[in-house]
Amino acid sequence: MPPLVSVVMGSKSDWETMIHAVNTLEKLGVPCESRVLSAHRTPDALFAYVAEMEKQGVEVFIAAAGGAAHLAGVIAAKTLVPVLGVPMESKLQGLDSLLSMVQMPAGIQVGTLAIGKPGAINAALFAVAILANKHSQYRSGLQKYRDEQAAEVRDIGDPREDGRLTGSKVSINPPTEP
Ligand code: RP5
């Protein structure tokens with residue numbers, strides 16, 4: 001089945017974060033593919049890839065990059081397909097990546113998600129929400145994902161009695177005065 005979502009990242013060092021986007025797409029049954037292509041190291045290959053993906057009918061690009069982080073903006077400049085950007089953690093904790101990605105000048109749109117793993121997962125969910133407008137079969141998967149997430153939270157009950165939370169650094173009970 002041709003991919004509906006393409007996950008592009010600027011470096012193989014981004015994969016340990018972006019695997020969470022791909023895992024989420026696969027969990028929801030979305031055909032996707034993933035590539036390492038850089039806006040500055042392999043610009044010509046990137047342009048050729050974006051054109052090829054458009055031809056194959058891809059409906060969302062997810063682009064991950066760190067530092068100067070122009071990958072999402074460059075892809076968005078070459079296609080009308082929606083582009084979701086995920087800023088990678090970096091030497092500046094990803095703040096450089098976030099600001100670079102989110103501060104696209106008016107005229108070329110990139111939907112920027114959170115830094116790192118949360119952004120990777122949410123980019124995948126956002127892509128599925130976009131697809132669900134046209135491909136209604138993905139709506140039920142998204143609903144199921146939310147229902148399971150809600151059930152996990154409801155199941156916790158009193159955190160003091162939940163073995164899964166043992167060892168958490170979070171102090172549920174404030175220290176009492178002696
Ligand atoms: C960006 O530079 C990549 O997206 C990556 O996040 C960052 C560092 O790349 P490497 O030096 O690890 O290849 O282009």
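Open to solvent by 10 Å² or more (accessible area, probe 1.4 Å) and away from the ligand (no atom under 16 Å from the Cβ): is that true of Leu4 in this structure?
Yes, satisfied.
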Between Ala39, Ala76, Ala72, Ala64, which is closer than 22 Å to Tyr145 by Cβ and touching a strand residue (DSSP E or B) at 6+ places or on another chain (Cβ under 8 Å)?
Ala64
Only residues that are small (Gly, Ala, Ser) and either modelled with pLDDT under 95 or under 21 Å from Arg139 (Cβ atoms) (or both): list them for segment 18-47, please.
Ala21, Gly29
Somewhere in segment 36-47, is a residue of a type in the set (D, E, K, R), open to solvent by 50 Å² or more (accessible area, probe 1.4 Å) and more than 10 Å from the ligand (Cβ to nearest atom)?
yes
Have a look at Val83, Val30, Val58 and point out the one that is of a type in the set (A, V, I, L, M), within 24 Å of Tyr145 (Cα to Cα) and touching a residue at least 60 places away in the same chain (Cβ under 8 Å).
Val30
Selection over segment 70-92 where residues are more than 15 Å from Val7 (Cα to Cα), among the hydrophobic types (A, V, I, L, M, F, W, C) and either open to solvent by less than 10 Å² (accessible area, probe 1.4 Å) or in a helix (DSSP H, G or I) (or both) yields a count of 1
Got a sec? Which of Leu71, Leu98, Leu37 is within 21 Å of Ile115 (Cα to Cα) and over 16 Å from the mean Cα position of the chain (by Cα)?
Leu37
Of (1) open to solvent by 10 Å² or more (accessible area, probe 1.4 Å); (2) within 15 Å of the ligand (Cβ to nearest atom), Ala21 satisfies all except one. Which?
(1)
Restricting attention to segment 133-153, report how many residues are loosely packed, with under 12 Cβ neighbours inside 10 Å, under 17 Å from Ile121 (Cβ atoms) and modelled with pLDDT of 95 or more.
6
Residue hits (segment 48-73; within 16 Å of the ligand (Cβ to nearest atom), in contact with a Ser or Thr (Cβ under 6 Å, 6 or more places away or on another chain) and under 22 Å from Tyr138 (Cβ atoms)) are Phe61
Among the hydrophobic types (A, V, I, L, M, F, W, C), more than 11 Å from the ligand (Cβ to nearest atom), open to solvent by 60 Å² or more (accessible area, probe 1.4 Å) and more than 12 Å from the chain's Cα centre (by Cα): is that true of Leu28 in this structure?
no
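The values are calculated or read from the model by the stated rules, or taken from the named source; none is laboratory data. Predicted model only: the values in this text are computed from it and were never measured. Positions of Cβ are generated from backbone atoms using ideal geometry, with glycine treated the same way; all protein chains shown enter the neighbour counts. Note: accessible area is taken over every heavy atom of the protein model, side chains too, but ligands, DNA and RNA are not part of it. Shrake-Rupley method; radii C 1.70, N 1.55, O 1.52, S 1.80 Å.
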